[in-house]
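Asker: One structure, as structure tokens, below. Some questions next.
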Amino acid sequence: MTALERVASARRTLGVGVVLRAVLWAGAAIAALLAIAGILDWLVGIPRTARALAIPAAVLLALAALVYTLWRGRRVRDLPAVALWLEERVPQLRYALVSALDAPGSSPTLEREVAAVRWSAVINRALGHALLPPLLVLIAAATLLFALPAGVRARISEPRAGDALRRAPIAAAEMRNRLTPLTAEIAPPAYTGEKRVIMEEPSSIEALTGGHIILRGQGSASGITATLAGAPVTAQARDSADQWRLDIVVPAKPAAVELHDRSFTRTLILAPHADSLPVVTLTPPSRDTVVRTPKGQLSLAASATDDYGLDAGWFEYIVSSGEGETFTFKSGVIHRTDAGNARATKLAGSLDLDSLQLKPGDLVHVRAVARDRNNVTGPGVGVSETRTLRIPRASEYDSVAIEGAPPPNVDSSQLSQRMLIILTEKLAARRAKLPRAQVIKESQAIGSDEARLRQHVGEIVFARLGAQQGTEDAGSNSAGSARMTPNQLLAAANAATQASAGATDFGGDETPVVAVNRPLLEAYNAMWDASRSLEVGEPGAALPPMRIALAAIQRARNAERLYLRGKSPVVIVDINKVRLAGKRDDVTSSARIARAPLDSSAEVRARRFDAALERLSANPSAAIDSLLALRVDALEAAPAFAAALAPAIDSLRAGHNATDALVRARRIAAGTTVERVESAWSAGW
């Protein structure tokens, strides 16, 4: 073998050594980083987001070690460099190897001198020095990594939600709190098709009513008890491998779950939300109507949506026939459609009016119905608004003009006026306790609503009088100009309300249309008087005309329901004769006992919040439990306050600064929170 061939063989051996050295250092970097991450997670615990970065970081570190080692051994590819490396470590060569490689031709003398020297021991020794350190580091790191508990290695290699229970406990079983760490697996009902969600160290759990919450912790289930809303949980904790688990059904109302393990306690809040009913909208027919000739097909169409999925949808109809005290009813279901668990579906069909054999005076009620797939607390059934078709009687044509338009919406005016009266009465009762400016502000707000309602009544009268809609602005007590202005309508109202109670003179100024609309004109007039009083902050003075307007709207409402063919008799009552004529036998009066003023719920919540904060420095765990109980009570009554408490409780449990969250929760509890959007000018001041 020539000198050149021997150097090439040495180069190949050294090249393999460089590659092995790089691979060993890369493996040692991976094992060392994972071992360090495992030790830190075992001792202090590492968040899941940080553990998820352990393997990518180890791979990057290994690649860096591999590239750096290969770069340092890059000269092994050069034959003269390998020859010089051998000359440095084998003095017997006396540069014969380098000279033999540099010679233009083969020199027998140099070849004999090179052949007389053996350098395999030098190469083996160099390989041992190069490979032994990374091999030792790799073995040590791998030993340390595999010496860790299997749960710790799993947390590093496969981090996932709920793996807090894999972390091996350090304390002895007798000293350990089995309620920490704690995981909660939320299992929604099967019909929803939703996936299970796992939470670690939860303080509040939101779940669908009827679902299951599976609590898990480390250790045996012996001695672990739980109460739900103060009552013991029927399901007992049981062992599962080296963990305990407790299955709780999500209740219908918010409740607190208290876990007990010897002297350790832990409180969780269950915030359930119910499966909403399907939302159904009936499109055609879009309103109630009168059908003169009940023949042909009535087109029906509807849309239905649900939050978790629909089961079926259909149309229902009810036909009522008869008059007086004798009525008959028949109902039916048409065009049933299978929704196939879709969250939105369309319904379409038609109702054969000929098959119903309708007669004059019959009423047909039609609605769309949808049912969801709730088989736990349901099923939930949603219905659309009911549309009514009326078949007029022949006797109605000589006194009533039947039109294809719906009747005016007087019922909503009655309800709105009654609501405004209630608000005005409350303001009048609180007037003595409020500043004058506050009274005027709230009174003017009610006056604006009264003006809007007055405009609505005016629009009804405009439509009946055959005029165009007035130009009165909603919520304004000032009159505008139009073809028939509100002042002109007010004059008509004054004329109608001040007219004689006798028979209507059709030859005079009052027309039959004005006579029919007399109650609405009277209501319009009274609303003007009420609006003036409310505008100047006199709610007490506004109540009499508001009640007059309500009574007038009620009379108009009754007129919408009845078709009288004659004037009803006037009932005359002798008031002086019947006054104080009631029986007083067996009637005893008792003295009234003054009661303490009722405390508002907001003030109660604020006081409970302040009491919990006072205990925060002396007994943090008791203060957190008080805040949890307060949040349970506020979930239904004050959801905004309950939502503000959640981050504050989480921060306190984690030992973080919760000042900002507590301040926001206190402001919401007192009802003083004001949200605003700052402009570019106001942000710096």
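Asker: Has the stretch 355-362 got at least one residue that is assigned by TED's automatic domain parsing to the domain that holds residue 246, surrounded by fewer than 18 Cβ atoms within 10 Å (Cβ to Cβ), without any contact (Cβ under 8 Å) to a residue 60 or more places away in the chain and outside any strand (DSSP E or B)?
Answerer: The answer is no; no qualifying residue exists.
Asker: Additional query: For the stretch 432-458, which positions are in contact with a Ser or Thr (Cβ under 9 Å, 6 or more places away or on another chain) and either touching a residue at least 60 places away in the same chain (Cβ under 8 Å) or under 12 Å from residue 539 (Cβ atoms) (or both)?
Answerer: 443, 446, 447, 450, 451, 453, 454, 457, listed by residue number.
Asker: If residue 50 passes every condition in (1) touching a residue at least 60 places away in the same chain (Cβ under 8 Å); (2) closer than 30 Å to residue 171 by Cβ; (3) assigned to a helix (DSSP H, G or I) but one, which one does it miss?
Answerer: That leaves (1) as the condition not met.
Table: residues versus (1) at pLDDT below 90; (2) under 16 Å from residue 14 (Cβ atoms); (3) assigned by TED's automatic domain parsing to the domain that holds residue 268.
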{"residue": "92", "(1), (2), (3)": "yes, no, no"}
{"residue": "100", "(1), (2), (3)": "yes, no, no"}
{"residue": "163", "(1), (2), (3)": "yes, no, no"}
{"residue": "175", "(1), (2), (3)": "yes, no, yes"}
{"residue": "182", "(1), (2), (3)": "no, no, yes"}
{"residue": "189", "(1), (2), (3)": "no, no, yes"}
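Asker: Checking residue 425 against (1) in contact with a Leu (Cβ under 9 Å, 6 or more places away or on another chain); (2) at pLDDT below 90; (3) of a type outside the set (A, V, I, L, M, F, W, C), which single condition isn't satisfied?
Answerer: Answer for residue 425: the failing condition is (2).
Asker: Right, here's the next one. Criterion first (modelled with pLDDT of 90 or more and over 34 Å from the mean Cα position of the chain (by Cα)) does residue 142 satisfy it?
Answerer: When the stated conditions are applied, residue 142 passes them.
Asker: If you go through the stretch 625-655, how many residues are free of Cβ contacts under 8 Å to residues at least 12 places away in the same chain, farther than 14 Å from residue 665 by Cα and assigned to a helix (DSSP H, G or I)?
Answerer: Residues in the stretch 625-655 being free of Cβ contacts under 8 Å to residues at least 12 places away in the same chain, farther than 14 Å from residue 665 by Cα and assigned to a helix (DSSP H, G or I): 1 in total.
Asker: On to the next question. Looking only at strands (runs of 3 or more DSSP E) that fall completely inside the stretch 250-315, which ones have 2 or more residues that are under 28 Å from residue 223 (Cα atoms) and at pLDDT 90 or above?
Answerer: 255-261, 264-273
Asker: Which of (1) under 27 Å from the mean Cα position of the chain (by Cα); (2) small (Gly, Ala, Ser); (3) not assigned by TED's automatic domain parsing to the domain that holds residue 378 is the odd one out, the single condition residue 263 does not satisfy?
Answerer: Unmet condition: (1).
Asker: Can you tell me which residues in the stretch 1-12 are among the β-branched types (Val, Ile, Thr) and crowded, with 16+ Cβ neighbours inside 10 Å?
Answerer: 7, the sole residue that qualifies.
Asker: Restricting to the stretch 318-354, give me the number of residues that are of a type in the set (Asp, Glu) and either outside the structural domain of residue 297 (by TED's automatic domain parsing) or under 42 Å from the mean Cα position of the chain (by Cα) (or both).
Answerer: 1
Asker: Which pairs do you get when a residue that is polar (S, T, N, Q), found in the stretch 286-315, comes within reach of a residue that is outside any strand (DSSP E or B), reach meaning Cβ atoms under 6 angstrom, with the pair 6+ apart or on two chains?
Answerer: Qualifying pairs under 6 Å: 299/284.
Asker: Continuing with this model, one more query. Among the residues of the stretch 370-380, how many are out of contact with any helix residue (DSSP H, G or I) (no Cβ under 8 Å at 6 or more places or on another chain) and more than 12 Å from residue 279 (Cβ to Cβ)?
Answerer: Qualifying residue count, the stretch 370-380: 4.
Quick grid of which residues meet (1) hydrophobic (A, V, I, L, M, F, W, C); (2) part of a loop (DSSP other than H, G, I, E, B); (3) modelled with pLDDT under 90; (4) not assigned by TED's automatic domain parsing to the domain that holds residue 207:
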residue: 364; (1), (2), (3), (4): yes, no, no, yes
residue: 371; (1), (2), (3), (4): no, no, no, yes
residue: 382; (1), (2), (3), (4): no, no, no, yes
residue: 385; (1), (2), (3), (4): no, yes, no, yes
residue: 388; (1), (2), (3), (4): no, no, no, yes
residue: 416; (1), (2), (3), (4): no, no, yes, yes
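Asker: Answer with yes or no whether residue 16 is more than 30 Å from residue 201 (Cα to Cα), surrounded by 14 or more Cβ atoms within 10 Å (Cβ to Cβ) and free of Cβ contacts under 8 Å to residues at least 24 places away in the same chain.
Answerer: Answer is no for this residue.
Asker: Then there is this: For the subset of the stretch 324-346 comprising residues that are part of a strand (DSSP E or B) and either in contact (Cβ under 8 Å) with a residue 60 or more places away in the chain or among the β-branched types (Val, Ile, Thr) (or both), which member is farthest from residue 383 (Cα to Cα)?
Answerer: Within the stretch 324-346, the match that is farthest from residue 383 (Cα to Cα) is 326.
Asker: Considering each residue of the stretch 19-50, count those that are surrounded by fewer than 20 Cβ atoms within 10 Å (Cβ to Cβ) and under 14 Å from residue 70 (Cβ atoms), and give that number.
Answerer: 3
Asker: Working only within the stretch 205-225, note down all residues that are surrounded by fewer than 19 Cβ atoms within 10 Å (Cβ to Cβ) and either closer than 16 Å to residue 161 by Cβ or hydrophobic (A, V, I, L, M, F, W, C) (or both).
Answerer: Those that are surrounded by fewer than 19 Cβ atoms within 10 Å (Cβ to Cβ) and either closer than 16 Å to residue 161 by Cβ or hydrophobic (A, V, I, L, M, F, W, C) (or both): 206, 214, 221.
The values are calculated or read from the model by the stated rules, or taken from the named source; none is laboratory data. No experiment lies behind these values; they were computed from the predicted model shown. Virtual Cβ from ideal backbone geometry, glycine too; neighbours counted across all protein chains shown.
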